[in-house]
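To start, the structure itself, in structure tokens.
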Amino acid sequence: MALAAEAGSEVRHPLTPLRYRVVGKRRETEDTVTLSLLPVDRPIALTRPGQFNMLTGFGVGEIAISISNDPAAEEPLEHTIRAVGAVSSALCQTPPEGVIGVRGPFGTDWGVAELSQTDTIVVAGGIGLAPLRGAIRALLERRRPSGKGHLLSVVVGARNPSQLLFEEEMLAWQRAGAHLQVTVDTARPGWSGPVGVVTDQLARVPADFSNAVALVCGPEVMIRYTARALVDLGMPRDHIRISLERNMQCGVGLCGHCQLGPWLTCRDGPVFTYDLRAEGILASPHR
Amino acid sequence: MAESIAELIGRHPVLEGLSPEDVEQVAGCSHNIVAEMGEILFREGDPATTLYLIRRGQVSLEIHAPGREPLVIETVGDGSVVGWSWLFPPYRWTLTGRVTATLGAVAIDGSCLRGKADADRALGYVLMRRFAAIMLQRLLATRLRLLDLYGDGAGS
Ligand code: FES
């Protein structure tokens, strides 16, 4: 059975969470934390950047949260969570050594394994950088042997500088060879970077848009305008991968809560190709 | 050899492709400037006399309100242009422009350019088309920001 746990002989029901212990907790912004997690009993199956897990705050509820590191690496599983509701707030408040539930991994991934021979432009808005962090790390890791290779450009937008995630790490990506552009909507004097919308930064990316691939994640309206801007700059639609969020309940294609047009986001997404159908669905007010 | 003002203008993305005659007309109103980081290029409320074609560097556009810290609402960088207030009465800056990365720019005298555009309507039309395209782009960017692009919880 495909959904059974790979570790051990015991068959795990896909709706049963496994216990994970919080072994690290880092505050990213005022309302966002990253939890580092290790299994209490046994781990979930191997994950790929772009996929998500269902996280349980015991006694509170369960929500879908993207995996925010490169789970192929030998390190704890990481989830970056913004406190916006009861469950996410409870998860953010879990103390070090506390235990939460994890089931997954679910959904499609960014497909970074295919991107080592191509220029890649990563565009993130707000908390949308979290699901892309693992992909960025994996892409930088692939560049490492020669220190050169194809361009990795990271374009990040946020409301203001205090809302930027992974600031230190972004600088490390830059040192590792990524081309980094960070823009905010508004700032106080002293901010030396650009102020403006993320789409305005795209024309400055030193890539051949007709051959590059883009990975885009953020609020849906930001994805829509970013994808359009990339097409206007000459990128073929099928080179654009977007990650969409819906209200997930089961995570395994059973309940229908995550329906988006003809798709179940938990099963057919969250990463989709921005083809004409995706463009139409994103632009439609009725979905 | 240093490039002439006309060469700098003719190669700037905003005025690229103008006829040599039109470039010469604009060059007649222009001079080259360099400004260091932190310098105030123009101040809200002051007479607006200049259009800046930015060759390199960055200018922050700030709004000041009494009792509050100034807010940077936009930055303008390489290959773009800053300053429209010279175009329309009362010819006063509506924002403060502060240099946030060493600036190399062509400064064009607004009243000189208005005079030439009035005298040569074909030149005026060409310039207005170029400027209107940038203004439209900025208007679209402002509308996008009204949508609060990063405002919901998507992506978590
Ligand atoms: S979350 Fe139940 S079908 Fe997708």
Which of the DSSP-defined H helices in chain A satisfy a minimum axial length of 15 Å, computed from C-alpha atoms, and a minimum mean Kyte-Doolittle hydropathy of 0.0? A:220-232
Rounded to 10°, Cα long-axis angle of helix B:110-119 versus longest principal axis of chain B: 50 degrees
Diffusion constant of the protein assembly as shown at 10 °C, which comes from Stokes-Einstein with the Kirkwood Cα-pair radius and 1.306 mPa s, µm²/s: 66 µm²/s
Once the mean 1/r over all distinct Cα pairs of segment A:20-74 is inverted, what Kirkwood radius in angstroms do you read off? 12.5 Å
Mind checking the per residue accessible area of the protein assembly as shown for me, 1.4 Å probe, whole number of Å²? 45 Å²
What is the calculated FRET efficiency for A:Q259 to A:F58, with r their C-beta to C-beta distance and R₀ = 25 Å, to the nearest 0.05? 0.35
Low-density loop positions, trypsin sites (Lys or Arg not before Pro), segment B:50-84 - DSSP coil, at most 15 other Cβ in 10 Å: B:R68
Checking buried surface per residue: for segment B:129-150, which residues lose a minimum of 50 Å² accessible area in the protein assembly relative to the chain alone (1.4 Å probe)? B:L144, B:R145, B:L149, B:Y150
Any chance you could list the semi-axes, whole Å, largest first, of the equivalent ellipsoid that the Cα gyration tensor gives for segment A:112-243, using √(5λ)? 22, 18, 13
Using a probe of 1.4 angstrom, how much of the accessible area of segment A:73-175 is carbon and sulfur, in percent? 50 percent
Can you tell me the orientation of helix B:121-146 relative to chain B, as the angle in degrees between its alpha-carbon axis and the longest Cα principal axis, to the nearest 10? 10 degrees
In segment B:53-77, what residues drop by 30 Å² or more in accessible surface going from the chain by itself to the full protein assembly, probe 1.4 Å? B:Q58, B:E69, B:P70, B:L71, B:V72, B:T75
Partner chain coverage, peptide A:164-175 - average Cβ within 10 angstrom: 0
Kindly rank B:80-91, B:32-43 from highest to lowest mean number of other beta carbons found within 10 Å of each residue. B:80-91, B:32-43
Beta bridge orientation in the protein assembly as shown: antiparallel %, DSSP, nearest 5: 75 percent
Simple label model, 7 Å out from Cα along Cβ direction - A:Q93 to B:I63, nm: 3.6 nm
Using a 10 Å Cβ count of at most 11 others and DSSP loop calls, identify the longest part of chain A lacking such GluC sites (Glu not before Pro). A:98-287
Segment A:8-106: equivalent-ellipsoid semi-axes (sqrt of 5 x gyration tensor eigenvalues, Cα, Å): 20, 15, 12
Between A:S210 and B:R11, what FRET efficiency follows from the Cβ-Cβ distance if R0 is 30 Å, with the result rounded to 0.05? 0.75
Kindly compute the accessible surface that chains A and B hide from a 1.4 Å probe when together, both sides summed, and give it to the nearest 100 Å². 2700 Å²
How far is the Cα center of segment A:87-166 from the Cα center of segment A:174-221, in Å? 15 Å
At what distance in nm do the modelled label points of A:R27 and A:E168 sit from each other, each positioned 7 Å from its Cα along Cα→Cβ? 1.4 nm
Using C-alpha positions alone, give me the convex hull volume of chain B per residue in cubic angstrom. 150 Å³
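The values are calculated or read from the model by the stated rules, or taken from the named source; none is laboratory data. The shown structure was predicted, so the numbers you read here are calculated from the model rather than taken from an experiment. Glycine gets a Cβ as well: all are built from the backbone with ideal geometry, and neighbour counts include every protein chain shown. Ligands, DNA and RNA are excluded from the accessible area calculation, which covers all protein heavy atoms including side chains. Shrake-Rupley method; radii C 1.70, N 1.55, O 1.52, S 1.80 Å.
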